[in-house]
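Written below as structure tokens is the structure these notes are about.
Derivation of every value follows stated rules applied to the coordinates shown; laboratory data play no part. Please read these numbers as outputs of a predicted model, since none were measured by experiment. Positions of Cβ are backbone-derived with ideal geometry, glycine not excepted, and every protein chain shown enters the neighbour counts.
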Amino acid sequence: MSEYADIIVDISHENLDKSYQYSIPEKLREDAVIGAMVIVPFGKGNRFIQGYIVGISGEPKWKVDLIKPIHQIVSNALVIESQLISLAYWIKETFGATMNDALKTVIPVKKSVKQREKKTIGLAVTTEEAYKYLETFRIKNNKGRVRLLEEMLGLSKVQNGDLAEMDYELAVHKLNIARTTIRDLENLGIITTKVERLYRNPLSNTMTEKEHIILSEEQRHIADGIIKDYKAGNRKTYLIHGVTGSGKTEVYLEIISFVIGQGKKVIMLIPEIALTYQTVMRFYHRFGSRISIMNSRLSQGERYDQFLRAKNGDIDIMIGPRSALFTPFKDLGLIIMDEEHEGSYKSENPPKYHAREVAIERAKLSGASVILGSATPSLESYTKALQGEYELYSLPSRNGEGRMPKIWIEDLREELKKKNKSVFSLRLKELIQDRLDKKEQIILFINRRGYAGFVSCRSCGHVMKCPHCDVSLTAHNNGALLCHYCGHEETMPSVCPTCGSRYIAAFGTGTQKVEELVKKEFPGARVLRMDTDTTKTKDGHEKILAAFANQEADILVGTQMIVKGHDFPVVTLVGILAADLSLYASDYRAAERTYQLLVQAAGRAGRGKLPGEVVIQTYHPDHYSITAASRDDYISFYNQEMNFRELLKYPPAAHILAILTASREENKAVFAAKLLGGAAKEWADTEQAEKETVIIGPAAAVLSKANDIYRYMIYVKQSDYEWLICLKNYLEGYINFSEHFNGCSIQFDFNPMSGY
């Protein structure tokens, strides 16, 4: 049977959708794999060019006699494009996407980005010869040539040499020399033009001083263990579970220093742009200008130049969010994923990959190690560590002089009984005033993650929940309460069904409102607010964080971006205003996210010499995620949460395939969802799995209509991930060969990190 390869011949963003089909000669079939570099005939004549295989099939797309054969497969082609194309294919197969979407994710290519250059003009002849030419041009009245040569000879006298140089743009704009005049003198061999590539460097103004670190015994044990494995050629995935302030970054720096000393490169992943400033400073102090950063605030030109610098070997370390994972390092030796539990490591756009799994796959392709680090590891990672898939290390205590803070849990139901209707509990008010008097700093954290209009009683704390799915019901404008997992619906109660109170409503508050209340309650306090509104500008995060670090403000108010990874030694009080906002989001991960946020927020207090305190305000002081967070007891939380996950078949106890159907016509979205639900059930009945398959839905998505597009969901639960991939492949084939899905968009998402 004949085989054909889809080949892209130009790695540029504009051409990733365009592939050309070539036949694979029998003798080349063994080496013709996805990502292989090939030499193919292209266009008319005997022109041969380089390309990459991005797909293989047994079906010709054109007349067979018009399809040219691959000329050659380049053996041992250690080019980064081949590796990234192989990675794209793995992402396509593992997470469900088109090959084009996967390619555009992993290939950090130019997209009409103009190259920045510095051009200089220099004499190519001796001054003696130049004077002769000058005299000739004066006679011929070539004014432009005369002006340029006079300037060059004048510079030659000043520079005391024959090879005078001047800036090209200066000659054109200041001396009014035509570009054609410069080109003519160049053609005559009188001058030369030199072009130097200038990189846009987002760190060009950063000052550095070398940082000397002395590791503690616990830190040294971890660094030495990982380095020992590396020296022995053992490339593993490690999980470092270290409490906030335990010094995970110092361990990373020590291991990175060793790896780059071996001539290898390092990718350092961080979850939020807000973490970049302090992280970059630590790395810059240790490694100088051999680092670069990647984030969404960089211009298109800056992003492209950083990838080009990496490919050319001009940097050793790339720091950034999940997109930095595709940095085209040729000698990648280590990938570090800090705060590995963060949801932002999961892509919300197709392909919906998780950076953790992709990092491990890229490390396999590169012969690199992976280090995951967190004070609050994801249940997925901790489970794999317990099962031996990852190697587990622990840092159970803070490094240096820092001590774990004292944590208070304040029951907001009791505050209401005391007639305190403020967003600040009495204890929090008292402690804020105390810190202001002592000239110490305060962070007020508003836990808004996952807020989607859950309904809660302020008197007793009762939350309206789905009786089938153990998630909160979501309030809609029409007065209905909906479960967006199974479609269960109830009417909005006028009084609390538990205590009869009228104080039952959708719950929530905003950062701007809290900022106003702080200024009203503490008029002398200097207040900074950090949220999406105040950080819209390119360097918005850095300005606010730098101002707070320089103690230009007493109180920092913000959402989750202020409580992760930052180290402010004078912060001695953290107030968590509403723990319940994330606890009752309509998401099975709500308890896990609440625990993580509370521990991370509490971890900002008492990191320096001064002791810290934390106030957690909640309507549910006995909830296991809150009590475990107050004790920083991850093991207790993990064990209890895993019991729920196993009971309800949620990840990591099982896996979920989420299927979204979307259309401008609601009946089409609903019909498509019903067809896919039926096809999934049929597949499950035919392809018997070892363990039970649960199919939920179709039901309206949480965001049931957006931009006039209707959205419906199906969830499939199954313990076998490979089985779900096979189901996804089957449904893709079903979609491709059925006209019923015309006008519909279908998306697949494995183990979703956020609701739809």
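Before moving on, here are some points about what is shown:
- Rounded to the nearest 10 degrees, the inclination of helix 511-521 to the longest alpha-carbon principal axis of the chain is 70 degrees.
- Note on Asp434 and Glu389: with the Förster distance fixed at 60 Å, the Cβ-Cβ geometry gives a FRET efficiency of about 0.80.
- Residues whose amide H lies under 5 Å from that of Leu239, counting only those 5 or more places away or on a different chain, are Leu372, Glu391, Leu392, Tyr393; hydrogens are built 1.01 Å from N in the peptide plane.
- Taking all Cα pairs closer than 8 Å and separated by 6 or more residues, the relative contact order of the chain comes to 11 percent.
- Cα gyration tensor category, rounded, prolate or oblate, for the chain with a/c compared to 1.5: oblate
- Remark: Thr105, Thr98 ranked as Thr98, Thr105, counting other beta-carbon atoms within 10 Å and listing the fewest first.
- The long axis of helix 721-736 is offset from the longest Cα principal axis of the chain by roughly 70 degrees.
- The chain: antiparallel DSSP beta bridges as a percent of all, rounded to 5: 55 percent
- Multiplying the residue separation of Glu414 and His476 by 0.36 nm and subtracting their alpha-carbon distance yields 19.4 nm.
- Within the chain, helix-based [θ] at 222 nm, where runs of 4 or more DSSP H residues each add -39,500 (n - 2.57), nearest 500: -10500 deg cm²/dmol
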